[in-house]
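Novice: Quick one: the structure is below, questions incoming.
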Amino acid sequence: MSFVQNFPFFSIILAMFSGIVSSVLSGKKARNLTLAMIVVTTALSAGTLAFCLRTEESYTYMMGHFPAPWGNEIRAGVLECVTAVLFGVVMFLSVVGGLTHTAEDVEESKLNLFYIMIDLMLSSLLALVYTNDLFTAYVFVEINTIAGCGLIMIRQKGRSLSAAIRYMVMSQLGSGLFLIGLSLLYDVTGHLLMSPAKESVELLVEAGRYKIPLLMIMAVISVGLAIKSGLYPFHYWIPDTYGYATPTGSAVLSGLVSKGYIFLLIKIFYRVLGRENLVGTHMVNVLYLFGVCGMIMGSLHAIGEKDTRRMIAYSSVAQIGYIYMGIGLGTTAGMVASIFHIFAHSATKALLFISAVGLYEVSGDRKDFVSLRGAAFRNPLAGVGFSIGALSMVGFPMLSGFISKLLFATSALGSPEKMMPTLIVLALSTLLNAVYFLRLVITLYSRRRPGDKPLPEQTIVKSSWMLRFAIICFIGLNLVLGMSSQPIVQAITDGLAMFD
């Protein structure tokens, strides 16, 4: 075995170990350790990606020297590595961009706890991406939930505590359903490793046995992870969760957490339950319906919001709907579009939240439309960053969101029964995206009126260099996804082929 093949395991353990060490460090040292850890784990994932691209195949890493079906395994391929690299980059920029506000929003005595949550969050995300064991996936789903709850409530201001409670209740509901699905799957297959479980499922399907239990397993696992990822109509925890956390917390929760659950669901569809079985039972049609409804309803809720934080949060409901709509098409092209949108939305949503912070700084920390009038003139870089993120969400050419919508539209052509509904909903959703995002962009570039409420005298004039650095890098990442999308789409296609 090549030494590089150890890197996914090293990444997960390093992130967990950093959380342990941070518990005895000061806030500043914990921050430095976390940033260094994110850089190292991202570099390890990049090294693994280079190895998989060179060998053109995936591999499994056996832990504890126990072979299947008893041992615990990690599995790395092109798609897993690309996802891990992107998650690491977004995590690093989200932490850097929110450093100043994290120090202000979190008590100094609890600052190291914040970075412990970040460490555990990254560890769990990497585990969800790499694991080949279903029970290990469940364990890290719970770690992810606890870390997410900690990121929300550590601010202890406004509605953050109630948001954390709502998040915990809904997450535990989703986790419970997911665990029930895994228990049923283990009962009928006798396996928790993905590959042996898939072999058993295929034998059961061929023999025509356990049709109802298998259908229940598909339904319960899908609903459980849909709740945790915020699919409509299970989305009501999202506005408060994303809107009242720290800037870093909002960027991480909106950009990464829900995507980790969706990535795990895609792995289970391909590597355990079988995509053909999902199509045959019409489970994909249910996900398609919920996804389409989420695209429209999330946008309608966003249009009615006056608080820009909640508006951006409701936008996530619509974007998660896009992902499930692509999965619901039941085709490889639809899945490629959904995974690319996971990448695009991770980068763009984090850009929106981080850029919004720079706009709030020059508006007396107010989030309403009236107070933000002219904010792009007071903080030009944040205005440009938010505008690029908004245009990407609308689907402006050269940006990542345009590629996502193009992929969704072309994938719809391969599903005749769903082609027209998909194209109509794409057009309608794009129009609704333009209504609320461009309305805010126009407000940001409108001069303040004589009757507007004056801004506080202590309003910040200039953002920190760390925030500016994060905005510039997020803009660059968005442009890379939009203008150099073909290699990424090819990597996603190759990675899905390795899933089978």
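The values are calculated or read from the model by the stated rules, or taken from the named source; none is laboratory data. Just so you know, these numbers come straight off a predicted model, no measurement behind them. Glycine gets a Cβ as well: all are built from the backbone with ideal geometry, and neighbour counts include every protein chain shown. Keep in mind that these areas ignore ligands, DNA and RNA; they rest on the heavy atoms of the full protein, side chains included. Shrake-Rupley method; radii C 1.70, N 1.55, O 1.52, S 1.80 Å.
Novice: Scan the range 1-33 residue by residue and report those that are over 27 Å from Met63 (Cα atoms), assigned to a helix (DSSP H, G or I) and not basic (Lys, Arg).
Specialist: Filtering the range 1-33 down to residues over 27 Å from Met63 (Cα atoms) leaves 24-32.
Filter once more, keeping what is assigned to a helix (DSSP H, G or I): 27-32.
Answer for the range 1-33, where residues must be over 27 Å from Met63 (Cα atoms), assigned to a helix (DSSP H, G or I) and not basic (Lys, Arg): Gly27, Ala30, Asn32.
Novice: Please determine whether any residue of the range 349-358 is open to solvent by 30 Å² or more (accessible area, probe 1.4 Å) and farther than 18 Å from Met91 by Cα.
Specialist: Looking only at the range 349-358, we keep the residues that are open to solvent by 30 Å² or more (accessible area, probe 1.4 Å), and these are none.
For the range 349-358, residues open to solvent by 30 Å² or more (accessible area, probe 1.4 Å) and farther than 18 Å from Met91 by Cα: absent.
Novice: Here is a follow-up. What residue, among those in the range 143-182 that are polar (S, T, N, Q), over 17 Å from Ala313 (Cβ atoms) and under 21 Å from the mean Cα position of the chain (by Cα), is most open to solvent (accessible area, probe 1.4 Å)? Let's see the steps before the verdict.
Specialist: Pass one, the range 143-182, residues polar (S, T, N, Q): 144-145, 156, 160, 162, 171-172, 175.
Then keep just the ones that are over 17 Å from Ala313 (Cβ atoms); that gives 144-145, 156, 172, 175.
So of that shortlist, the ones also under 21 Å from the mean Cα position of the chain (by Cα) come out as 144-145, 172, 175.
On the way: Asn144: 0, Thr145: 0, Gln172: 76, Ser175: 1 Å².
Once the filter is applied, the top-ranked residue is Gln172.
Novice: What number of residues within the range 221-260 are among the hydrophobic types (A, V, I, L, M, F, W, C) and open to solvent by 20 Å² or more (accessible area, probe 1.4 Å)?
Specialist: Looking only at that region, the number is 2.
Novice: Which members of the range 273-297 meet the condition of being under 27 Å from Lys367 (Cβ atoms) and crowded, with 20+ Cβ neighbours inside 10 Å? Don't jump to the end; show me each part of the working.
Specialist: So the first thing to find is which residues in the range 273-297 are under 27 Å from Lys367 (Cβ atoms), and the list is 294-297.
Of everything in the range 273-297, those that are under 27 Å from Lys367 (Cβ atoms) and crowded, with 20+ Cβ neighbours inside 10 Å turn out to be Gly294, Met295.
Novice: Output yes when any residue across the range 378-387 is in a loop (DSSP other than H, G, I, E, B) and open to solvent by 10 Å² or more (accessible area, probe 1.4 Å), and no when none is.
Specialist: Filtering the range 378-387 down to residues in a loop (DSSP other than H, G, I, E, B) leaves 379.
Now drop any that are not open to solvent by 10 Å² or more (accessible area, probe 1.4 Å), which leaves 379.
There is at least one residue in the range 378-387 that is in a loop (DSSP other than H, G, I, E, B) and open to solvent by 10 Å² or more (accessible area, probe 1.4 Å).
Novice: So in the range 398-452, with the set limited to residues that are under 22 Å from Gly330 (Cα atoms), in a helix (DSSP H, G or I) and among the hydroxyl-bearing types (Ser, Thr, Tyr), which one is nearest to the chain's Cα centre (by Cα)?
Specialist: Filtering the range 398-452 for residues that are under 22 Å from Gly330 (Cα atoms), in a helix (DSSP H, G or I) and among the hydroxyl-bearing types (Ser, Thr, Tyr), the one nearest to the chain's Cα centre (by Cα) comes out as Ser404.
Novice: So, in the range 268-287, exactly how many residues are part of a loop (DSSP other than H, G, I, E, B) and either free of Cβ contacts under 8 Å to residues at least 24 places away in the same chain or in contact with a Phe, Trp or Tyr (Cβ under 8 Å, 6 or more places away or on another chain) (or both)? Steps first, please.
Specialist: So in the range 268-287, the residues part of a loop (DSSP other than H, G, I, E, B) come out as 274, 281-282.
When the remaining residues are screened for being either free of Cβ contacts under 8 Å to residues at least 24 places away in the same chain or in contact with a Phe, Trp or Tyr (Cβ under 8 Å, 6 or more places away or on another chain) (or both), the result is 282.
Looking only at that region, the number is 1.
Novice: Given the conditions (1) modelled with pLDDT of 90 or more; (2) under 30 Å from Asn277 (Cβ atoms); (3) β-branched (Val, Ile, Thr), which single one is not true for Ile388?
Specialist: So Ile388 meets the others, but not (2).
Novice: Could we say that Gly383 is more than 21 Å from the chain's Cα centre (by Cα), among the small types (Gly, Ala, Ser) and at positive phi here?
Specialist: Criteria not met by Gly383.
Novice: Checking Ala36 against (1) in contact with a helix residue (DSSP H, G or I) (Cβ under 8 Å, 6 or more places away or on another chain); (2) open to solvent by 10 Å² or more (accessible area, probe 1.4 Å); (3) over 24 Å from Leu273 (Cα atoms): exactly one of these is not met. Which one?
Specialist: For Ala36, the exception is condition (1).
Novice: Please go through the range 298-328 and give me each residue that is open to solvent by 10 Å² or more (accessible area, probe 1.4 Å), touching a residue at least 12 places away in the same chain (Cβ under 8 Å) and not acidic (Asp, Glu), ordered by number.
Specialist: Result: Leu300, His301, Ile303, Lys306, Arg309, Arg310, Tyr314.
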